[in-house]
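Reading through the structure tokens given below for one structure.
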Amino acid sequence: MKQKTVFLCSDCGYESPKWYGKCPSCGAWNTMSEFKPAAPSAARGTTSFVRGTSRPTLLGDIETGDEARFLSGIGELDRVLGGGAVHGSFVLVGGEPGIGKSTLLLQMCQEMCRNARVLYVSGEESLRQIKLRAARLHISSPELYILSETDMDQIINETELMAPDILIVDSIQTVYVPGKTSTPGSVSQVREATGILMRAAKQAGTTVFLVGHVTK
């Protein structure tokens, strides 16, 4: 069977069976790239299933105990989070550029660092810029670590080595997954990078705060 070929816009994700110089959906030029979906591994009805490590569990048998939460020290933010950030949760902080998302998260670190180790990853500012902003906000903590990086592989490596309780990535539009030809901030890059961070959060029990700029 001949493998199906489609063309995908790296800006908006529009899919088409043929190539366009200008995306019919968002109007961007030269963003359509060829994409070949993975072929099925076996014919219909002949697929063999391998049991994984997870098993279905009865709702009544799940133990929750007293759920520990990270308090941000900002009353309204804690209220939105249902009383604080849950261990292993994935929180998206979205909004237009320049409204104060980075400042809010840096202020949050001051309180959270009292009981947790925090890794703040910035793809938009240098270490010096973050240090100066922290000084203006009177933020200082021995458990707050700053990393200026955009390579997703490096971010994951440092996260695994450090094993922070809380990981902040500012922002998802600036990081990129090596090996993908699309530019940082494109639909495919954002989707892949978010998936990697979500898997890392669930596997290690790390609480992740992800900044996302709303531009469209």
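The values are calculated or read from the model by the stated rules, or taken from the named source; none is laboratory data. All figures in this text were calculated on a predicted structure; none of them were measured in a lab. So basically every Cβ, Gly included, is an ideal-geometry build from the backbone, and we count neighbours across all protein chains shown. Keep in mind that these areas ignore ligands, DNA and RNA; they rest on the heavy atoms of the full protein, side chains included. Shrake-Rupley method; radii C 1.70, N 1.55, O 1.52, S 1.80 Å.
Is the range 127-144 home to any residue that is in a strand (DSSP E or B) and either surrounded by fewer than 17 Cβ atoms within 10 Å (Cβ to Cβ) or of a type in the set (A, V, I, L, M, F, W, C) (or both)? Quick ask: steps written out before the conclusion?
Residues of the range 127-144 in a strand (DSSP E or B): 144.
Next cut, either surrounded by fewer than 17 Cβ atoms within 10 Å (Cβ to Cβ) or of a type in the set (A, V, I, L, M, F, W, C) (or both) only: 144.
Yes - at least one qualifying residue is present in the range 127-144.
I need every pair where a residue in the range 83-94 that is over 12 Å from Gln203 (Cα atoms) and outside any strand (DSSP E or B) has its Cβ under 7 Å from the Cβ of a residue that is open to solvent by 40 Å² or more (accessible area, probe 1.4 Å) and not polar (S, T, N, Q), sequence separation at least 6 or different chains.
The qualifying pairs are Gly83/Arg69; Gly84/Arg69; Gly84/Leu71.
I'd like to know if the range 65-80 contains one or more residues that are surrounded by 15 or more Cβ atoms within 10 Å (Cβ to Cβ) and among the charged types (D, E, K, R).
Yes, there is a match, as at least one residue in the range 65-80 is surrounded by 15 or more Cβ atoms within 10 Å (Cβ to Cβ) and among the charged types (D, E, K, R).
So which residues in the range 174-205 are in contact with a Gly (Cβ under 7 Å, 6 or more places away or on another chain) and either within 23 Å of Met108 (Cβ to Cβ) or in a loop (DSSP other than H, G, I, E, B) (or both), if there are any at all? If you could, list the steps in order and put the result at the bottom.
Just the residues of the range 174-205 that are in contact with a Gly (Cβ under 7 Å, 6 or more places away or on another chain), to begin with: 174-175, 187, 201-202, 205.
Once the filter is applied, which keeps residues that are in contact with a Gly (Cβ under 7 Å, 6 or more places away or on another chain) and either within 23 Å of Met108 (Cβ to Cβ) or in a loop (DSSP other than H, G, I, E, B) (or both), the range 174-205 yields Thr174, Val175, Ala201, Lys202, Gly205.
Can you confirm whether Ile166 is hydrophobic (A, V, I, L, M, F, W, C), in contact with a strand residue (DSSP E or B) (Cβ under 7 Å, 6 or more places away or on another chain), without any contact (Cβ under 8 Å) to a residue 40 or more places away in the chain and crowded, with 16+ Cβ neighbours inside 10 Å? Outline the logic, then answer.
On the way: hydrophobic (A, V, I, L, M, F, W, C): yes; in contact with a strand residue (DSSP E or B) (Cβ under 7 Å, 6 or more places away or on another chain): yes; without any contact (Cβ under 8 Å) to a residue 40 or more places away in the chain: no; crowded, with 16+ Cβ neighbours inside 10 Å: yes.
Against the criterion (hydrophobic (A, V, I, L, M, F, W, C), in contact with a strand residue (DSSP E or B) (Cβ under 7 Å, 6 or more places away or on another chain), without any contact (Cβ under 8 Å) to a residue 40 or more places away in the chain and crowded, with 16+ Cβ neighbours inside 10 Å), Ile166 does not qualify.
Going through Val190, Val118 one at a time, which residue ends up being touching a Leu at 6+ places or on another chain (Cβ under 6 Å), without any contact (Cβ under 8 Å) to a residue 60 or more places away in the chain and either open to solvent by less than 70 Å² (accessible area, probe 1.4 Å) or under 22 Å from Gly95 (Cβ atoms) (or both)? If you could, list the steps in order and put the result at the bottom.
Numbers: Val190 fails: touching a Leu at 6+ places or on another chain (Cβ under 6 Å).
On inspection, the qualifying residue turns out to be Val118.
Which residue out of Ser141, Ser171, Ser182, Ser186 is polar (S, T, N, Q) and in contact with a strand residue (DSSP E or B) (Cβ under 7 Å, 6 or more places away or on another chain)?
Numbers: Ser141 fails: in contact with a strand residue (DSSP E or B) (Cβ under 7 Å, 6 or more places away or on another chain); Ser182 fails: in contact with a strand residue (DSSP E or B) (Cβ under 7 Å, 6 or more places away or on another chain); Ser186 fails: in contact with a strand residue (DSSP E or B) (Cβ under 7 Å, 6 or more places away or on another chain).
Result: Ser171 is the single residue among Ser141, Ser171, Ser182, Ser186 that is polar (S, T, N, Q) and in contact with a strand residue (DSSP E or B) (Cβ under 7 Å, 6 or more places away or on another chain).
Looking at (1) of a type in the set (Gly, Ala, Ser); (2) within 12 Å of the chain's Cα centre (by Cα); (3) more than 21 Å from Ser102 (Cβ to Cβ), find the lone condition where Ala204 falls short.
(2)
The rows are residues; the columns are (1) closer than 14 Å to Val211 by Cβ; (2) within 21 Å of the chain's Cα centre (by Cα); (3) charged (D, E, K, R); (4) modelled with pLDDT of 95 or more.
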| residue | (1), (2), (3), (4) |
| --- | --- |
| Gln110 | no, no, no, no |
| Ala134 | no, no, no, no |
| Leu137 | no, no, no, no |
| Tyr145 | no, yes, no, yes |
| Ile168 | yes, yes, no, yes |
